[in-house]
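J.: Starting off with a structure, shown below.
The values are calculated or read from the model by the stated rules, or taken from the named source; none is laboratory data. Please read all numbers here as calculations on a predicted model, not as lab measurements. All Cβ positions, glycine included, derive from the backbone under ideal geometry; neighbour counts span all protein chains shown. Quick note on the areas: whole protein, heavy atoms, side chains included, nothing else; ligands and nucleic acids left out. Shrake-Rupley method; radii C 1.70, N 1.55, O 1.52, S 1.80 Å.
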Amino acid sequence: VVADENYKAASATADFTIAAKKITVAIDGKTSIYGDDIVTLTATDNGIVNGDSNVYSLSTNASKTAGVGTYDITGTALDDNYSITFTGGENAYEITKRNLTVTVVVNDKTYDGTPVSAPQYTCNNTEAIVTVEYKAQGADDSEYTTTAPKTVGKYTVRVTVVADENYKAASATADFTI
């Protein structure tokens, strides 16, 4: 206040605090397939003001080579102007099993008294446990056997890949004649 003939000059100080704004960040659940890149982590927040950005970050231990399962998504506050409560991050990222792809090729052969050669097959899981089985064409699936046929006839070969912790089971068939 400025002094004049009726008043003396005076001043005053006061302490005050600007409190951090409280907000809640709801972490969105995410899913990817084993072997795929991790999808972008997202969340919904309430109350970020003034166009502020880089207020928080999200991370996870899930990766394209992490096994099938669930992983936490963790939020980290990056701006001291906000007091952030993160919700929904526990087990919020799920990695699911990849479908196996199996192809099989077996060539016809002329009878010579020896079993048919093993079929050629491909599978997108190089560590898979594979079973090769044969049956006469049209026979019930319960007739499959691991013994390769060697007599004249029409046959079906089935290549089955066993499921494991990261892949689903799969099979493929091909017909051939001796």
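J.: May I ask you to rank Phe16, Phe176 by accessible area, largest first, using a 1.4 Å probe over the protein chains only?
T.: Phe16, Phe176
J.: Here is a further query. With a ≥ b ≥ c the root eigenvalues of the C-alpha gyration tensor of segment 107-152, is it rounded (a/c under 1.5), prolate (a/b larger than b/c) or oblate?
T.: On the way: a/c = 2.50, a/b = 1.44, b/c = 1.73.
Verdict is oblate for segment 107-152.
J.: How fast does segment 71-138 diffuse by Stokes-Einstein, in µm²/s, taking the Kirkwood radius from C-alpha pairs at 25 °C and 0.890 mPa s?
T.: The calculation lands on 136 µm²/s.
J.: Let me ask you something else. Could you give each residue of segment 52-68 its phi-based ³J(HN,Hα) in whole Hz, using Karplus coefficients 6.51, -1.76, 1.60 with θ = phi - 60°, and x for Gly or Pro?
T.: Ordered by residue, 3J(HN,Hα) equals 4, 10, 6, 7, 8, 10, 10, 8, 8, 8, 5, 8, 5, 9, 5, x, 4 Hz.
J.: Any idea how far apart Lys109 and Ala9 come out in nm if each label point goes 7 Å out from Cα toward Cβ?
T.: Result for the modelled spin labels: 11.2 nm.
J.: Using a simple spin-label model with points 7 Å from Cα along the Cα→Cβ vector, what separation in nm is obtained for Val2 and Asn54?
T.: It works out to 4.4 nm between the two label points.
J.: Along the positive direction of the dipole of the chain (beta-carbon charges: Lys, Arg +1; Asp, Glu -1; about the Cα centre), which of Gln137, Gly51, Ser83 reaches farthest?
T.: Gln137
J.: If you stretched the chain out fully between Ser63 and Thr17, how much longer would it get, using 0.36 nm times the residue separation minus the C-alpha to C-alpha distance?
T.: Taking 0.36 nm per residue and subtracting the Cα distance, the gain is 12.3 nm.
J.: At 1.4 Å probe size, with every protein chain present, just tell me what the per residue accessible area of segment 7-78 comes to in Å².
T.: Normalised by residue count, the accessible surface of segment 7-78 is 69 Å².
J.: Using mean Cβ contacts within 10 Å as the protection proxy, how do 111-124, 40-53 order, highest first?
T.: 111-124, 40-53
J.: Thinking of segment 114-178 as a set of Cα atoms, what percent of all their pairs are more than 14 Å apart?
T.: 56
J.: Take the solvent-accessible surface of the protein heavy atoms, probe 1.4 Å, and return the percent of it on the chain that carbon and sulfur atoms account for.
T.: Taking all protein chains in place, the chain shows 47 percent carbon and sulfur surface.
J.: When the gyration tensor of the chain is built from Cα positions, what are the square roots of 5 times its three eigenvalues, in whole Å, from largest to smallest?
T.: 73, 11, 10
J.: Now for a separate question. Cα gyration tensor of segment 18-59, axes a ≥ b ≥ c as square roots of the eigenvalues: rounded (a/c below 1.5), prolate (a/b > b/c) or oblate?
T.: prolate
J.: Quick one: which residues, 5+ away or cross-chain, put their amide H under 5 Å from the amide H of Val25? H built at 1.01 Å from N.
T.: Thr85, Phe86, Thr87
J.: Report the label-to-label distance for Glu90 and Ser117 in nanometres (one decimal), using points 7 Å from each Cα along the Cα→Cβ vector.
T.: Placing both labels 7 Å along Cα→Cβ, they lie 5.9 nm apart.
J.: Also: So what are the ³J(HN,Hα) numbers for segment 114-123, from phi and the Karplus equation (6.51, -1.76, 1.60; θ = phi - 60°), rounded to whole Hz, Gly and Pro as x?
T.: Along segment 114-123, the couplings run 10, x, 4, 5, 4, x, 8, 9, 10, 8 Hz.
J.: Here is a follow-up. Among DSSP beta bridges whose residues both lie in the chain, state the antiparallel percentage, nearest 5.
T.: Values: 33 of 44 bridges.
Counting DSSP beta bridges with both partners in the chain, the antiparallel share is about 75 percent.
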